[in-house]
Structures are given as structure tokens and as C-alpha cells.
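Engineer: One structure follows; several queries about it will come next.
The values are calculated or read from the model by the stated rules, or taken from the named source; none is laboratory data. Since the model is a prediction, treat every value here as computed from it, not as a measurement. Cβ coordinates were reconstructed from backbone atoms using ideal geometry, including for glycine residues, and neighbour counts include every protein chain displayed.
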Amino acid sequence: MGKLLDFLARIGRVFIAFLQTIGRVTIFSGRVVSHCVRPPFYPRLIGRQMVEIGYYSLPVVGLTTFFSGMVLALQSHTGFARFSAEGAVATVVVISVTRELGPVFAGLMVAGRIGAAMAAEIGTMRVTEQIDALGTLSTNPYKYLLAPRLIAGLTMLPFLVLVGDIIGVFGGYLVGVYKLGFNPSNYINRTWEYLEPLDVISGLVKASVFGFLVSLMGCYHGYNSRGGAQGVGAATTNAVVSASILILIFNYFLTELFFAK
Amino acid sequence: MNTVVPKIELTGVSKAFGKKVVLDGLDLAIAPAESVVVIGGSGTGKSVMLKCILGLLEADAGSIRIDGGEILGIGSRERERINRRIGMLFQGSALFDSLPVWENVSFGLIQGHNMDRSTARATALEKMAQVGLSPDVADLSPAELSGGMQKRVALARAIATNPEIIFFDEPTTGLDPIMADVINDLIVKTVKQMGATALSITHDMVSARKIADRIAMLYHGKLIWVGPAAEVYSSGNPYVDQFVHGRAEGPIKMEVRL
């Protein structure tokens with residue numbers, strides 16, 4: 001009986017800790033969002049973060065979506081050949097890339113690149129008292145450090161995904177035309193024929209949500225890091241892992257929101 | 001009857017982290033233009049006291065007043081307004097890695113006082129000159145400077161807005177004795193020039209005697225002795241005696257586990 005109670009108590013403690021974390025993250029995100037919409041604004045810092053997230057992530061997102069499009073064309077061709085449905089390859093590539101692969105892969109790549117960098121930078125600022133110094137210099141760290149990153153994440157990931165969509169579809173086109181022998185104009189026609197605005201829009205909305213999550217996790221774990229280099233390392237890992245998991249969870253719910261009948 | 005309102009006044013300030021009581025009803029009053037140094041061993045709550053005054057930590061109980069006005073529990077906007085009147089030199093300098101030296105120095109002017117960047121740069125160069133830094137270093141990154149130079153930049157940043165109050169957190173820690181003396185001289189000179197009220201925390205007795213008008217000793221969350229700097233070596237307080245002479249034997253027991 002005693003062991004059972006201990007076991008239940010342990011489960012209860014884990015559950016309570018989980019709820020506490022959700023509460024802390026919710027309060028934190030509410031505070032950051034409120035500072036995003038209240039002056040003073042820092043356009044120079046927002047611009048710098050937009051370049052960091054949007055421009056410098058282009059190669060990694062481009063490469064990821066390019067090869068994903070290529071693999072998708074190849075895989076769907078070998079799969080559909082069993083049902084003599086090879087003609088659907090172009091449609092499958094464009095819908096998969098715009099709805100799912102583009103936003104999810106871009107989100108995960110940016111989580112690894114930007115989420116980690118944000119957590120490490122803000123975490124180092126925390127443990128070296130730079131964030132305290134901001135406070136003593138009459139500068140709100142939420143406004144100066146966190147809000148520009150959240151705004152940049154929210155706005156730049158859709159841009160990255162849009163570019164990634166085009167590159168991914170182009171990757172599928174190259175494999176379709178030069179490896180699988182599709183007629184180029186037929187492939188392009190098939191790409192456009194079944195593509196609906198919602199396919200692209202849903203992907204961009206997902207991207208925006210993922211951008212928010214990546215920035216939020218990077219900022220949250222960095223801002224609350226403690227204990228020197230080890231604490232910053234843990235914050236970086238937690239930022240990437242939590243952002244990646246949240247991206248996959250939110251992807252399901254957003255897909256259900258957009259496409260479930 | 002003395003009617004001068006203290007510039008900074010702490011009354012019954014308490015702060016605990018979980019079960020660990022760090023400040024236990026601390027009382028301290030600092031007159032305008034006075035320089036007070038709080039000494040005490042590592043982990044006795046000196047930095048916590050400063051952070052409570054700055055609003056970086058919220059005291060659990062008591063009263064903290066600046067110019068007679070309560071600042072404990074004030075809102076963030078009011079806190080920003082109060083902090084505009086305060087300069088702070090951090091123990092590790094806490095310079096912003098992402099900004100060049102001149103922007104570090106002028107940060108409070110640009111962000112807190114909305115000064116335009118060209119005027120702020122000129123003011124930064126002027127403040128840097130006050131602490132013996134040449135304009136050559138203005139565009140360098142803090143990482144390119146030695147520890148002593150970083151401390152000077154941090155001092156220039158602390159005085160850039162001509163604050164009424166300046167806090168110094170272990171200003172000479174990690175510096176060689178000569179550089180430490182240079183920093184002490186700069187602190188004395190700038191504080192006197194500006195007529196600022198200074199509150200420093202340190203366990204460097206040479207520094208404490210040089211920059212303080214009065215010295216207070218913090219032990220177990222309370223100030224156990226406050227007196228003129230010149231009397232710290234003849235206080236008659238066994239705790240103060242042990243600390244200032246750096247003796248292992250005495251009433252202060254270090255928590256050392258072998």
C-alpha cells in the first residue's frame with residue numbers, strides 16, 4: 001500500500017510540475033506579447049532579428065526543402081507506380097510541401113538554428129548579469145530583448161516557408177522531369193491544377209505559429225537559465241527540444257483545424 | 001535636530017530564498033552625497049541587498065525609500081523612472097557583448113533618456129576620458145578589452161547619465177592591486193565630482209577604506225556594525241575585527257565541509 005501511494009505521489013508531483021511549467025510559459029508569453037504591442041518599439045533590433053532569422057536561415061531551409069521535394073517525388077513515384085497513378089506525383093509533391101513539409105521542416109530547422117542561438121545568447125546575458133544591467137539602465141528586457149525576437153520569428157518564418165515551398169516544388173520538378181521522365185509542361189500543369197490557396201495559406205499560418213513557438217522557447221529557456229555554462233547549455237537543449245515537440249503537436253491541431261471535415 | 005532626509009533608507013528589509021533567510025530585518029540609512037561601503041563575507045547577502053534596492057529582486061518585508069519615497073512594490077514604469085537616477089557598476093562589469101564600447105557607455109542615455117546617437121557618442125567619449133579611456137577603444141567590442149579596461153568602461157557606463165546614486169558591486173574583484181587602486185581612485189574622484197550618493201559592497205578592505213565615508217558590516221542578514229571608515233580597524237566588534245584582519249579564528253565560523 002505504501003509503495004503504491006509513493007508511486008501515485010510521484011506521478012502527482014510530475015503532473016503538478018508539468019502544470020506549473022505550462023502556467024509559467026503562459027504567463028511569460030502573455031508578458032512578452034503585451035510588450036510586443038506597447039511602445040517603445042525597437043525597429044532597429046526587430047530588423048536585426050528579422051535578418052538573422054529570415055535571411056541567414058534561407059540556405060538551411062532551402063536545402064532541406066529542396067531535398068525533401070526531390071525525395072518526395074522519387075518516393076511517391078515508386079509508390080504510385082504500383083497503382084499506375086504516377087501522374088499524381090506533381091500534385092502530391094506540391095500539396096505535401098506546401099501543407100506539411102515546408103512549414104514543419106522549416107520550423108524544425110529554425111528551431112535548431114535560431115531557437116538554440118536565442119537561448120544561448122539570452123542565457124549568457126542572464127548569467128553574466130547583462131539582463132540585470134538592462135534593468136538598471138531603465139530598459140525593460142522584455143521589450144528590448146524578447147519582443148523583437150518574437151516579432152521576427154512570427155513574421156519571418158512564413159517568408160522562409162514561402163521560399164522553401166518554391167524550392168521544394170522545384171526539387172520535385174527536377175527529379176520528375178530529369179530522372180522520372182515527366183514532360184516539363186505536364187508536370188507544371190499538374191502542379192498548378194490541384195493546388196488551392198488554402199494549401200499555401202495553411203502552410204504560412206502554421207509557419208507563423210511555429211516561428212512564434214521557436215522564438216518563445218528560445219527566449220523562455222534563455223531568460224530563465226541559471227547556474228553558469230551548464231545552465232546555458234541546458235537552456236539551449238531545452239529550447240530546441242521543447243520547440244521541436246511543440247511544433248509537431250501544434251502541427252497536428254492546426255492540420256485538424258484547417259482540413260478535418 | 002537633524003532633519004536631512006536620507007537619500008537611501010532601508011528599514012527592516014527581509015529577503016529569504018525558500019528556507020534560507022538572506023536579509024533579516026536590515027536597517028541602513030545613507031545621507032545625500034555620502035559614500036557607504038557594506039562589507040561582509042561571501043554569501044552574506046550583500047548583492048541581494050543591492051538587488052532589492054534596484055528592484056531586480058523583491059524584498060519580502062520592510063521598507064526601502066529613496067529621498068523619502070517608498071520604492072518597494074512600485075510598478076515597472078515607476079521603477080524605470082527611479083532607475084534613471086541610479087548608476088550601477090556590476091561585479092563582472094556586465095557589458096553588452098553585442099555592442100561596441102561607446103554604445104555600452106551611452107546605453108542609458110540612448111534608451112533611458114532618448115538622446116540622439118551622435119550626441120550620445122560624444123557624451124560617451126567624454127565619460128570614457130573621465131575614467132582614463134582613450135577614444136581608440138570606443139569602437140572595440142568589450143571582449144577585446146582587458147579586465148581592468150572593462151571595469152573602466154563599466155564605470156563610465158555607470159556615471160554616463162550623471163546619476164544621483166551609484167552602486168558599486170565588488171568594484172575591484174579580479175583586478176591586480178595596482179589596477180584595483182586605479183579603479184578606487186576613479187570611483188572616489190567621480191563620486192566626489194558628481195556629488196553622488198554611493199553604496200558599495202566589497203570584501204576588499206583596501207578598497208573599502210579608500211572609497212567609504214562610513215563602513216557597515218553585514219552578518220547573518222543584519223548590519224552588526226556601522227561606523228566611520230577610519231574606525232573600522234578599531235571597532236571593538238569581534239566580528240568586524242576578525243573580518244578586517246582576515247583571521248580564520250574568531251566568532252565568524254566559515255561553513256567549510258572537508
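Engineer: If I go through the stretch B:186-208 residue by residue, how many of them are farther than 21 Å from B:Leu54 by Cβ and surrounded by 17 or more Cβ atoms within 10 Å (Cβ to Cβ)?
Structural biologist: 3
Engineer: Please indicate, with yes or no, whether at least one residue in the stretch B:87-108 is β-branched (Val, Ile, Thr) and within 13 Å of the chain's Cα centre (by Cα).
Structural biologist: no
Engineer: Among all residue pairs at least 6 apart or on different chains, which show Cβ distances below 8 Å where the first residue, located in the stretch A:220-232, is over 12 Å from A:Met118 (Cβ atoms) and the second is surrounded by 24 or more Cβ atoms within 10 Å (Cβ to Cβ)?
Structural biologist: Listed by first residue and then by second, the contacts come to A:Asn224/A:Ala235; A:Gly231/A:Gly123; A:Gly231/A:Ser225.
Engineer: Moving to a separate point now. Across the stretch A:65-88, what is the total count of residues that are under 25 Å from the mean Cα position of the chain (by Cα) and buried (at least 21 other Cβ atoms within 10 Å of the Cβ)?
Structural biologist: The qualifying residues number 5.
Engineer: Is it the case, given these coordinates, that B:Val182 is at pLDDT below 90, under 13 Å from the mean Cα position of the chain (by Cα) and either of a type in the set (Asp, Glu) or under 19 Å from B:Met128 (Cα atoms) (or both)?
Structural biologist: Here the answer is no, as B:Val182 does not meet what is asked.
Engineer: Only one of (1) within 13 Å of chain A (Cβ to nearest Cβ); (2) over 21 Å from the mean Cα position of the chain (by Cα) is not met by B:Ile82, so which one is it?
Structural biologist: (2)
Engineer: Here is a list of conditions, (1) more than 14 Å from chain A (Cβ to nearest Cβ); (2) crowded, with 18+ Cβ neighbours inside 10 Å, and B:Gly73 meets all of them except one; can you say which number that is?
Structural biologist: (2)
Engineer: Going through the stretch B:204-232 one residue at a time, which ones are β-branched (Val, Ile, Thr) and part of a helix (DSSP H, G or I)?
Structural biologist: Passing the criteria: B:Val206, B:Ile211, B:Val232.
Engineer: Let me ask another. All but one of (1) more than 15 Å from B:Ile201 (Cβ to Cβ); (2) within 12 Å of chain A (Cβ to nearest Cβ) hold for B:Gln91, so report the exception by its number.
Structural biologist: Failing condition for B:Gln91: (1).
Table: residues versus (1) in the same structural domain as B:Glu9 (by TED's automatic domain parsing); (2) in contact with a strand residue (DSSP E or B) (Cβ under 9 Å, 6 or more places away or on another chain); (3) on the phi < 0 side of the Ramachandran plot; (4) not in a helix (DSSP H, G or I).
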| position | (1), (2), (3), (4) |
| --- | --- |
| B:Thr123 | no, no, yes, no |
| B:Ala143 | no, no, yes, no |
| B:Leu175 | yes, no, yes, yes |
| B:Asp181 | yes, no, yes, no |
| B:Ile201 | yes, yes, yes, yes |
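Engineer: To continue, here is another question. Scan the stretch B:94-130 for residues that are facing chain A (nearest Cβ under 10 Å), under 13 Å from B:Thr161 (Cα atoms) and without any contact (Cβ under 8 Å) to a residue 40 or more places away in the chain and jot them down.
Structural biologist: Scanning the stretch B:94-130 gives B:Ile110, B:Gln111, B:Asn114.
Engineer: Among the listed residues A:Thr128, A:Thr136, A:Thr124, identify the single one that is within 12 Å of chain B (Cβ to nearest Cβ), touching a helix residue (DSSP H, G or I) at 6+ places or on another chain (Cβ under 6 Å) and within 13 Å of A:Val232 (Cα to Cα).
Structural biologist: None of the other options fit; the residue is A:Thr124.
Engineer: Please verify whether the stretch A:51-64 includes one or more residues that are at pLDDT 95 or above and under 30 Å from B:Ser76 (Cβ atoms).
Structural biologist: yes
Engineer: Would you say A:Gln49 is without any contact (Cβ under 8 Å) to a residue 24 or more places away in the chain and closer than 25 Å to A:Leu213 by Cβ?
Structural biologist: no
Engineer: While we're on this one: Could you say which residue among A:Thr91, A:Thr98, A:Thr155, A:Thr124 is touching a residue at least 40 places away in the same chain (Cβ under 8 Å), more than 18 Å from A:Leu213 (Cα to Cα) and under 17 Å from the mean Cα position of the chain (by Cα)?
Structural biologist: Checking each option against the conditions leaves just A:Thr98.
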